[in-house]
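The structure appears right after this line, and notes come after that.
The values are calculated or read from the model by the stated rules, or taken from the named source; none is laboratory data. Just so it is clear, the model here is predicted, and its values are computed rather than measured. Here the Cβ positions follow ideal geometry from the backbone for every residue, glycine too, while neighbour counts run over all protein chains shown. Just so you know, the surface numbers come from the protein's heavy atoms only, side chains and all, with ligands and any DNA or RNA stripped out. Shrake-Rupley method; radii C 1.70, N 1.55, O 1.52, S 1.80 Å.
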Amino acid sequence: MGNAKLTVGLVYGGKSGEHEVSLQTAFAVMNAFDYDKYEILPFYITKQGLWKVGETLTAPFAQIEQLKLADASSDSGVAMSAVFSGLSGEAPAVDVMFPMLHGTYGEDGTIQGLFEIANIPYIGAGVLASAAGMDKVVMKKLFAEAGLDQCEYSYFNVSSWKHRSHELIVSVEDKLGYPVFVKPANLGSSVGISKAEDQESLVKAVEYAFRYDTKVIIEEFVDARELEVGVLGNEEPEASIPGEIVSSGEYYDYAAKYIDGKSQMLIPAPVEPDIADRLRESALVAFKAIEGSGITRADFFVRRSDGKIMINEVNTMPGFTPYSMYPLLWRETGVSYRALLDRMIELALERYNFKQNLKYDNE
């Protein structure tokens, strides 16, 4: 490719409760790219799921509102073949895709599958890791298989709840007690999560979670510190130093993350060196358990009573503004925001090139 600039397709917005968070991330990334090395082709997905393609950018947008390349209420979308010219046999218009779609349809393996079909390199986790990282129940089963300690939990789908809710409530009370946290199984950014202190609030929390997904997970309450570790790499991933979240509320909810600004991030986390080492080791185990690639943030509880380390979850498309935990963890580990973007693109192309050598027939 010589000295030609790489064209990076930035995909943001999306049919998700985290649409606005995605816009924040896209704006931050767009303003951080080295435009001497990259050109940016913006792909905005409306809340209705329409794709709108902008002009190639050689400099960042000045305002976040400009990211919405057309009126979101417009019914003028673009055909998928126009978005991915590779689907029609032509050379693709982009060298690598960068999905910045938090939550549903962006972080769950669906758009990753689209990129795989179009045979276009993309940043971040693959189809399997994205799907497993999005489904909290599947994720916990993989963690258990990998030997990682975690909190007790129960789960069920909406059909089971409709037919035997009382039986499920008794089972949760027997296994977990109160308080518990009730979450949609497939959603990020703490959307749809409630804390239940008794049976009445448990029923309300479950009904609330079912507004966002057809499966819910209920977790025991753990009095713990919340620590996070960034993972970067493909076959030989590296772990960042750990950071700690000190939440403004009872738990690190949507408001604490994105609205009130009162939660603190302590980087590096004030923990003993051996705890830091164990957190980093566990983050790599979790990354490999979901068959991760590219980037992932691993979130842990360190129980206050005995210091036990418990994996909470992984996030395969972590928040990526300059003030988000993932880039800050790497900055304090010695990798700047811009260098991190470069590395993520390298990893995407590395994985893509490796897969091009695989055979898909018997010859």
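Does the range 328-345 include one or more residues that are modelled with pLDDT of 95 or more and assigned to a strand (DSSP E or B)?
So far as the range 328-345 goes, no, none of its residues is modelled with pLDDT of 95 or more and assigned to a strand (DSSP E or B).
From the list LEU358, LEU341, LEU349, LEU329, exactly one residue is of a type outside the set (D, E, K, R) and touching a Phe, Trp or Tyr at 6+ places or on another chain (Cβ under 8 Å). Which is it? Give the steps one after another, and end with the answer.
Working: LEU358 fails: touching a Phe, Trp or Tyr at 6+ places or on another chain (Cβ under 8 Å); LEU349 fails: touching a Phe, Trp or Tyr at 6+ places or on another chain (Cβ under 8 Å); LEU329 fails: touching a Phe, Trp or Tyr at 6+ places or on another chain (Cβ under 8 Å).
Sole residue among the options that is of a type outside the set (D, E, K, R) and touching a Phe, Trp or Tyr at 6+ places or on another chain (Cβ under 8 Å): LEU341.
Quick one: is LYS359 assigned to a helix (DSSP H, G or I), without any contact (Cβ under 8 Å) to a residue 12 or more places away in the chain and over 18 Å from LYS37 (Cβ atoms)? Lay out the reasoning, then the answer.
Numbers: assigned to a helix (DSSP H, G or I): no; without any contact (Cβ under 8 Å) to a residue 12 or more places away in the chain: yes; over 18 Å from LYS37 (Cβ atoms): yes.
When the stated conditions are applied, LYS359 does not pass them.
If you scan the range 20-60, which residues turn out to be under 14 Å from LEU341 (Cα atoms), free of Cβ contacts under 8 Å to residues at least 60 places away in the same chain and touching a Ser or Thr at 6+ places or on another chain (Cβ under 6 Å)?
Once the filter is applied, which keeps residues that are under 14 Å from LEU341 (Cα atoms), free of Cβ contacts under 8 Å to residues at least 60 places away in the same chain and touching a Ser or Thr at 6+ places or on another chain (Cβ under 6 Å), the range 20-60 yields TYR35, GLU39.
State all residues of the range 279-319 that are more than 20 Å from ILE217 (Cα to Cα) and aromatic (Phe, Trp, Tyr); if no residue qualifies, say none.
Result: PHE287, single match.
Please determine, by comparing only the residues of the range 112-161 that are open to solvent by less than 10 Å² (accessible area, probe 1.4 Å) and among the aromatic types (Phe, Trp, Tyr), which one is modelled with the lowest pLDDT.
Top of the filtered list is PHE115.
Restricting attention to the range 328-339, which residues are open to solvent by 30 Å² or more (accessible area, probe 1.4 Å) and among the aliphatic types (A, V, I, L, M)?
Going residue by residue through the range 328-339, those that are open to solvent by 30 Å² or more (accessible area, probe 1.4 Å) are 331-339.
Result: VAL335, ALA339.
Please find, within the range 197-214, the residue that is modelled with the highest pLDDT out of those that are surrounded by fewer than 21 Cβ atoms within 10 Å (Cβ to Cβ) and closer than 30 Å to SER293 by Cα.
In the first step, residues of the range 197-214 are kept if they are surrounded by fewer than 21 Cβ atoms within 10 Å (Cβ to Cβ); the result is 197-201, 203-204, 207-208, 210-214.
Now restrict to residues that are closer than 30 Å to SER293 by Cα: 212-214.
Numbers: TYR212: 87, ASP213: 88, THR214: 92.
Looking at residues that are surrounded by fewer than 21 Cβ atoms within 10 Å (Cβ to Cβ) and closer than 30 Å to SER293 by Cα, I get THR214.
Conditions (1) out of contact with any Pro (no Cβ under 6 Å at 6 or more places or on another chain); (2) touching a residue at least 24 places away in the same chain (Cβ under 8 Å); (3) of a type in the set (Lys, Arg), marked per residue:
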{"site": "TYR105", "(1), (2), (3)": "yes, yes, no"}
{"site": "GLY113", "(1), (2), (3)": "yes, no, no"}
{"site": "ILE123", "(1), (2), (3)": "yes, yes, no"}
{"site": "GLY126", "(1), (2), (3)": "yes, yes, no"}
{"site": "LYS136", "(1), (2), (3)": "yes, yes, yes"}
{"site": "GLY147", "(1), (2), (3)": "yes, yes, no"}
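If you take the residues in the range 297-327 that are small (Gly, Ala, Ser) and outside any strand (DSSP E or B), which one is surrounded by the most Cβ atoms within 10 Å (Cβ to Cβ)?
First, the residues of the range 297-327 that are small (Gly, Ala, Ser): 298, 305, 307, 319, 324.
In the following step, the residues that additionally are outside any strand (DSSP E or B) were identified as 305, 307, 319, 324.
On the way: SER305: 8, GLY307: 13, GLY319: 24, SER324: 19.
Residue satisfying both the conditions and the ranking: GLY319.
Go through the range 261-292 residue by residue and tally those that are part of a loop (DSSP other than H, G, I, E, B) and of a type in the set (Ser, Thr, Tyr).
First, the residues of the range 261-292 that are part of a loop (DSSP other than H, G, I, E, B): 261-263, 267-272, 290-292.
Pick out the ones that are also of a type in the set (Ser, Thr, Tyr) and you get 263.
The number of residues fulfilling the criteria is 1.
Only one residue in GLU200, GLU226, GLU236 is in a helix (DSSP H, G or I) and acidic (Asp, Glu), so which one is that?
Values: GLU226 fails: in a helix (DSSP H, G or I); GLU236 fails: in a helix (DSSP H, G or I).
Being in a helix (DSSP H, G or I) and acidic (Asp, Glu) holds for just one of GLU200, GLU226, GLU236, which is GLU200.
How do the pairs read when you match residues in the range 290-316 that are farther than 15 Å from ARG280 by Cβ with residues anywhere that are of a type in the set (S, T, N, Q) and open to solvent by less than 10 Å² (accessible area, probe 1.4 Å), using Cβ under 7 Å and keeping only pairs 6 or more apart or on different chains?
ASN315/THR296; THR316/SER130; THR316/THR296
Kindly evaluate SER171 against the criterion of being open to solvent by less than 40 Å² (accessible area, probe 1.4 Å) and more than 25 Å from ARG280 (Cα to Cα). It would help to see each step written out before you state the result.
Numbers: open to solvent by less than 40 Å² (accessible area, probe 1.4 Å): no; more than 25 Å from ARG280 (Cα to Cα): yes.
Here the answer is no, as SER171 does not meet what is asked.
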